[in-house]
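Engineer: I am attaching a structure below and will ask some questions about it afterwards.
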Amino acid sequence: MTVDSTAAARTPRKRTAAKKSAKKSPGVGAPDLVQLLSPEGRRVEDPAHAEYAAFVEDITADELRGLYRDMVLTRRFDAEATSLQRQGELGLWASLLGQEAAQIGSGRATRDDDYVFPTYREHGVAWCRGVDPTNLLGMFRGVNNGGWDPNSNNFHLYTIVIGSQTLHATGYAMGVAKDGADSAVIAYFGDGASSQGDVAESFTFSAVYNAPVVFFCQNNQWAISEPTEKQTRVPLYQRAQGYGFPGVRVDGNDVLACLAVTKWALERARRGEGPTLVEAFTYRMGAHTTSDDPSKYRADEEREAWEAKDPILRLRTYLESETDTDEGFFAELEAESEALGLRVREVVRAMPDPDRMAIFENAYADGHSLVDEERAQFAAYQASFSDAEGGN
């Protein structure tokens with residue numbers, strides 16, 4: 001993703017006729033896909049999905065505007081972080097562009113006493129849990145290993161090791177069950193992580209011990225450069241059947257459907273009915289991270305087809321056509337969005353540079369002579385630059 005393309009994604013615009021005619025991607029509109037808001041911004045009435053729709057039946061216009069605000073501000077934050085990385089202020093950034101509905105819908109379904117285990121792309125979920133977005137950036141700048149207290153918001157630190165957080169979530173959920181609490185746990189992971197052994201173990205243990213955990217898979221269809229069809233021979237949600245618990249595929253660009261299905265799954269967990277696998281069928285609009293170039297492995301036509309199903313555009317269309325939302329709301333939100341971007345930039349630029357020697361700390365509990373030798377060599381190497389500058 002380039003800086004320009006990221007900036008262009010900041011503000012949703014009216015849908016064009018060309019985008020309306022974009023072809024459907026596999027899975028969208030399929031009978032096994034829970035969809036409550038169509039890509040054209042219309043409510044979908046499907047008796048087969050009435051059980052899920054009931055969870056958003058009484059949603060108000062103010063609540064819908066709240067979901068829209070969440071998605072817009074999350075996208076603006078993400079765009080600013082991408083730009084900051086391109087300008088050398090962050091070492092790396094994992095963008096969520098295109099996945100706002102999956103994250104905001106599921107994040108807003110959680111209760112304060114639920115516990116969330118993210119990977120490293122759940123910036124929208126962090127927003128829903130009340131984590132200051134600027135706290136997400138320290139790790140990507142290299143100045144800390146997280147940036148927030150997980151127990152303050154019941155939102156665990158980002159997990160870089162692919163899939164391992166599902167085991168953490170399962171163990172925590174087993175503990176919740178033993179304590180007799182009525183809270184639930186939700187674990188986020190991607191389609192690529194679904195092939196990891198840790199995820200399979202999590203499914204096994206959570207099923208056997210009836211753990212109150214929801215596995216929320218954001219299937220953005222690309223595990224770095226590997227398409228989903230190289231990860232599985234069946235839709236990901238069907239894997240749950242082999243472990244003995246339900247799996248549901250939801251339109252991951254439909255914030256209402258993601259909210260409803262996640263509420264349903266969390267309520268199951270709280271009632272003691274065990275785990276659920278939710279597959280949010282969505283699309284990664286940008287790069288896997290800022291070190292990646294998606295143009296090398298996927299076609300522009302594929303991305304353009306998914307742009308027509310933009311999660312923010314579809315909710316804006318619905319707000320404009322079916323509620324009393326006026327242009328003043330969108331104008332105020334645009335101003336709030338720009339203020340957020342400015343604050344993020346100011347906070348990041350005020351952060352210290354990473355401590356280059358910190359990599360040698362805590363490698364061994366009691367120290368090690370080889371680490372000491374490597375530390376001295378690296379310190380001498382760093383000092384050589386200062387010596388060279390002094391000589392000039």
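The values are calculated or read from the model by the stated rules, or taken from the named source; none is laboratory data. Just so it is clear, the structure is predicted and the values come from calculations on it, not from any experiment. Cβ sites come from the backbone with ideal geometry, for glycine too, and all protein chains shown count toward neighbours. Heavy atoms of the whole protein, side chains included, go into the accessibility calculation; ligands, DNA and RNA do not. Shrake-Rupley method; radii C 1.70, N 1.55, O 1.52, S 1.80 Å.
Engineer: Which of the peptides 106-112, 281-287 is most tightly packed, and how do the rest follow, judged by the mean count of other Cβ atoms within 10 Å per residue? Please list the in-between numbers first.
Structural biologist: Working: 106-112: 21.1, 281-287: 25.4.
Final packing ranking: 281-287, 106-112.
Engineer: Calculate, axis by axis, the spread of Cα positions in the range 188-238 along the three principal axes, and write the results as whole Å, longest axis first.
Structural biologist: The Cα atoms of the range 188-238 stretch 35, 18, 17 Å along their principal axes.
Engineer: Next question. Whole-Hz ³J(HN,Hα) for each residue in the range 296-309, computed from phi via Karplus 6.51 cos²θ - 1.76 cosθ + 1.60 with θ = phi - 60°, x for glycine and proline: what do you get?
Structural biologist: Running phi through 6.51 cos²θ - 1.76 cosθ + 1.60 with θ = phi - 60° gives 7, 9, 9, 7, 4, 4, 5, 5, 5, 5, 7, 4, 5, 10 Hz.
Engineer: On to the next question. Indicate, rounded to the nearest 5 percent, the antiparallel portion of the DSSP beta bridges found entirely in the chain.
Structural biologist: 10 percent
Engineer: Relative to the present Cα-Cα distance, how much length would full extension add between Gln382 and Glu51 at 0.36 nm per residue of separation?
Structural biologist: 113.0 nm
Engineer: Sequence gap of 8 or more, or different chains, plus Cα separation below 19 Å: how many lysine pairs satisfy both in the chain? Write out the running numbers ahead of the final one.
Structural biologist: Values: Lys14/Lys23; Lys14/Lys309; Lys19/Lys309; Lys20/Lys309; Lys23/Lys309; Lys24/Lys309; Lys230/Lys296.
Eligible lysine pairs with Cα atoms under 19 Å apart amount to 7.
Engineer: Amide H to amide H, which residues 5 or more places from Val250 or on other chains are under 5 Å from it, using H placed in the peptide plane?
Structural biologist: Long-range HN contacts for Val250: Val34, Glu279, Ala280, Phe281.
Engineer: Which whole-Hz couplings ³J(HN,Hα) result when phi for each residue of the range 335-352 is put into the Karplus expression 6.51 cos²θ - 1.76 cosθ + 1.60, θ = phi - 60°, listed in order with x for Gly and Pro?
Structural biologist: Values per residue, Gly and Pro as x: 5, 5, 5, 5, 5, 5, x, 5, 4, 4, 5, 5, 5, 5, 5, 8, 5, x Hz.
Engineer: Can you work out the accessible area per residue across the range 84-229, with the rest of the protein chains kept in place, probe 1.4 Å, in square angstrom? Numbers along the way, then the final one.
Structural biologist: On the way: 4950 Å² over 146 residues.
Here the per-residue accessible area is 34 Å².
Engineer: Roughly how many percent of the accessible protein surface of the chain is carbon and sulfur, given a 1.4 Å probe and a whole-percent answer?
Structural biologist: C and S fraction of accessible area: 50 percent.
Engineer: Could you work out [θ]222 nm for the chain from helices alone, using -39500 (n - 2.57) per DSSP H run of at least four and dividing by all its residues? Round to the nearest 500 deg cm²/dmol.
Structural biologist: Taking each H run of at least 4 residues, the total per residue is -13500 deg cm²/dmol.
Engineer: What FRET efficiency, computed as 1/(1 + (r/R0)^6) with R0 = 51 Å and r the Cβ-Cβ distance, is obtained for Glu63 and Asp353, rounded to the nearest 0.05?
Structural biologist: 0.75
Engineer: Ok, one more. Accessible area per residue for the range 250-392 in Å², computed with a 1.4 Å probe and the full protein assembly in place, what is it?
Structural biologist: Per residue, the range 250-392 has an accessible area of 51 Å².
Engineer: Then there's this: How much FRET efficiency would the formula 1/(1 + (r/R0)^6) give for Arg375 and Asp326, where r is the Cβ-Cβ distance and R0 is 45 Å, rounded to 0.05?
Structural biologist: 0.15
Engineer: State the Kirkwood hydrodynamic radius of the range 105-179 in Å, one decimal place, computed from all pairs of distinct Cα atoms.
Structural biologist: So the Kirkwood estimate lands at 12.9 Å.
Engineer: Please report, to two decimal places, log10 I(q)/I(0) for the range 210-294 at q = 0.10 Å⁻¹ as given by the Debye formula with identical point scatterers on the Cα atoms and no solvent.
Structural biologist: Results for the range 210-294 at q = 0.10 Å⁻¹ read -0.28.
Engineer: Something else now. Considering the Cα trace of the range 127-221, what is its radius of gyration and what is Dmax, both in angstroms?
Structural biologist: 14.2, 40
Engineer: Among 192-198, 210-216, 224-230, what's the highest-first ranking by average C-beta atoms within 10 angstrom per residue?
Structural biologist: 210-216, 192-198, 224-230
Engineer: OK, next. Got a sec? What order do Trp306, Trp148, Trp127 fall in by accessible area at 1.4 Å, biggest, i.e. largest, first? Each step should come with its number before you reach the end.
Structural biologist: Working: Trp306 5, Trp148 30, Trp127 50 Å².
I get Trp127, Trp148, Trp306, largest accessible area first.
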